[in-house]
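The values are calculated or read from the model by the stated rules, or taken from the named source; none is laboratory data. Quantities reported herein were computed from a predicted structural model and do not represent experimental measurements. For neighbour counting, all protein chains shown are included, and Cβ atoms are generated from backbone atoms with ideal geometry for every residue, glycine included. SASA here: full protein model, heavy atoms, side chains in, ligands and nucleic acids out. Shrake-Rupley method; radii C 1.70, N 1.55, O 1.52, S 1.80 Å.
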Amino acid sequence: MLHSLGTDGKLYLIGIAGKLNLTGMDIMGESKQIIGLIEGDAIPQLFIPKLIKYFKKGKFPVDKLMKFYSFDQVNQAFDDFTSVIFVQRFYFYYG
């Protein structure tokens, strides 16, 4: 992961599960940085209203990023979740 970065490269983590196996030299040896982001490092009080405005104008199709499953479809939901590679979706489960 860090080996693909050049000197002074930055790695932005937007979602991670589990441990990172890194040493100090992995980062410090070439002045690399690891930066964690939540909501793109935006200010939620400003960013969320902007997203709502874009959605109302049809410029942010959040409804196409979500899929709803009933409880009896939980296995299908899990299969769909694990098969998503390039575009991560939000999944909501309801009974």
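Summary of computed values
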read-out: Considering residues of the stretch 52-63 that are over 16 Å from the mean Cα position of the chain (by Cα) and open to solvent by less than 100 Å² (accessible area, probe 1.4 Å) only, the residue farthest from TYR12 (Cα to Cα); value: GLY58
read-out: Residue within the stretch 59-81 that is among the charged types (D, E, K, R), touching a residue at least 24 places away in the same chain (Cβ under 8 Å), in contact with a helix residue (DSSP H, G or I) (Cβ under 8 Å, 6 or more places away or on another chain) and within 30 Å of THR7 (Cβ to Cβ) present; value: no
read-out: Residue satisfying all of: in the stretch 1-51; open to solvent by less than 70 Å² (accessible area, probe 1.4 Å) and in contact with a Phe, Trp or Tyr (Cβ under 7 Å, 6 or more places away or on another chain); modelled with the highest pLDDT among these; value: LEU51
read-out: Some residue of the stretch 64-79 being open to solvent by 60 Å² or more (accessible area, probe 1.4 Å), of a type in the set (Ser, Thr, Tyr) and modelled with pLDDT of 80 or more; value: no
read-out: So LYS19, is it part of a loop (DSSP other than H, G, I, E, B) and within 22 Å of PHE81 (Cα to Cα); value: yes
